[in-house]
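A quick write-up on the structure given underneath.
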Amino acid sequence: MPVTKLQFPKPGINQQDSAYGAQGGWIMSDNVRFRYGVPEKIGGWQPASQSNIIGNATGIHNFTANDGTSLSAIGTNNKLYIMYNNSFYDVTPVATTTSAVFTMTSGTTIVNVLATGYGANVGDFVTFSTVSGVSVSNTNITNTTMASQFQIVSTVTGNTFQINLDG
């Protein structure tokens with residue numbers, strides 16, 4: 001079988017000429033580069049991590065720590081994260097309160113939280129820890145389900161806000 005020489009179009013993308021004027025070359029491409037005059041596919045994107053972050057990323061800043069560690073700060077419309085070793089760490093500033101009282105309406109997943117002097121705003125996140133005395137009959141709302149992080153869905157008064165247990 002005789003050897004046949006393949007004739008590739010001219011390397012590179014010619015976006016200056018018309019398709020007729022650039023005959024024998026490439027006029028459009030996506031994710032292609034040329035190596036040794038031959039087109040080669042550029043690999044696609046893949047997520048840096050499978051971790052879920054809350055909100056849509058609005059900014060990123062890459063930097064190096066004093067010890068040479070590469071870090072990325074990712075700001076979303078809800079939180080601030082640091083990415084280190086392909087893991088995200090929530091570094092959003094936290095306001096604290098010492099005690100809160102929960103009241104719930106039967107048949108809903110909305111919980112009223114009384115936290116005197118907290119100053120909550122809609123969209124803020126709250127994390128409850130060391131929760132005790134919560135048990136709602138005929139539901140799975142317990143101390144364990146309340147000892148978690150929630151987003152504030154509404155403010156009732158200066159001292160009372162609401163969270164949704166369904167997220």
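The values are calculated or read from the model by the stated rules, or taken from the named source; none is laboratory data. No experiment lies behind these values; they were computed from the predicted model shown. Note that each Cβ is placed from the backbone with ideal geometry, even for glycine, and that neighbours are counted across all protein chains shown.
Worth pointing out:
- Some residue of the stretch 102-113 being within 21 Å of ASN77 (Cα to Cα), at pLDDT 70 or above and polar (S, T, N, Q): no
- Of all residues making up the stretch 52-94, the number that are more than 28 Å from GLY119 (Cα to Cα) and of a type in the set (Gly, Ala, Ser): 5
- Single match in ASN52, ASN56, ASN66 (criterion: at pLDDT below 80, within 36 Å of the chain's Cα centre (by Cα) and loosely packed, with under 10 Cβ neighbours inside 10 Å): ASN52
Each row is one residue, and each column tells you yes or no for (1) closer than 16 Å to MET104 by Cα; (2) under 27 Å from the mean Cα position of the chain (by Cα); (3) at pLDDT below 85; (4) surrounded by 11 or more Cβ atoms within 10 Å (Cβ to Cβ).
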residue: SER129; (1), (2), (3), (4): no, yes, yes, no
residue: GLY133; (1), (2), (3), (4): yes, no, yes, no
residue: SER137; (1), (2), (3), (4): yes, no, yes, no
residue: ASN143; (1), (2), (3), (4): yes, no, yes, yes
residue: SER154; (1), (2), (3), (4): yes, yes, no, yes
